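Each remark here refers to the structure printed beneath this line.
None of the figures in this text is laboratory data; all of them are computed from the coordinates on show. Values in this document were obtained by computation on a predicted structure and should not be read as measured data. Neighbour counts run over all protein chains shown; Cβ positions are idealised from the backbone, glycine included.
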């Protein structure tokens, strides 16, 4: 199992504990939740109204909130830069885990 950011993870199951460690600050996690929920809201709005230009706001809403959390509160480098797919998956699994009570909201 990989234990440092320089190690390569070979599965999401291996990566997710590291991902949670990188999101130990509750405000950082909450900013991720806000960003993810904004993404869902923007997507729903764009689909409902067929105003597709709103889809351009999705990366700004999602990554903007997350990166503020990392820079200001967590004080670390977002895992997105090294593990883009696993980090994307981690955002949604972390949100699900918060809603199901597996981790603190």
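Within the stretch 52-101, the set of residues being assigned to a loop (DSSP other than H, G, I, E, B) and surrounded by 11 or more Cβ atoms within 10 Å (Cβ to Cβ) comprises 76, 77, 78, 82, 83.
Residue 35 passes every criterion in (1) in contact (Cβ under 8 Å) with a residue 12 or more places away in the chain; (2) farther than 13 Å from residue 87 by Cα; (3) more than 15 Å from the chain's Cα centre (by Cα); (4) surrounded by 16 or more Cβ atoms within 10 Å (Cβ to Cβ) apart from (3).
Per-residue answers, yes or no, for (1) under 14 Å from residue 34 (Cβ atoms); (2) under 12 Å from the mean Cα position of the chain (by Cα); (3) without any contact (Cβ under 8 Å) to a residue 24 or more places away in the chain:
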site: 58; (1), (2), (3): yes, no, yes
site: 61; (1), (2), (3): yes, yes, no
site: 66; (1), (2), (3): yes, yes, no
site: 76; (1), (2), (3): no, no, no
site: 79; (1), (2), (3): no, yes, no
site: 84; (1), (2), (3): no, yes, yes
site: 90; (1), (2), (3): no, yes, no
site: 101; (1), (2), (3): no, no, yes
site: 105; (1), (2), (3): yes, no, no
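Quick one: would you say residue 17 is outside any loop (DSSP other than H, G, I, E, B) and under 21 Å from residue 105 (Cβ atoms)? Spelling it out, residue 17 is indeed outside any loop (DSSP other than H, G, I, E, B) and under 21 Å from residue 105 (Cβ atoms).
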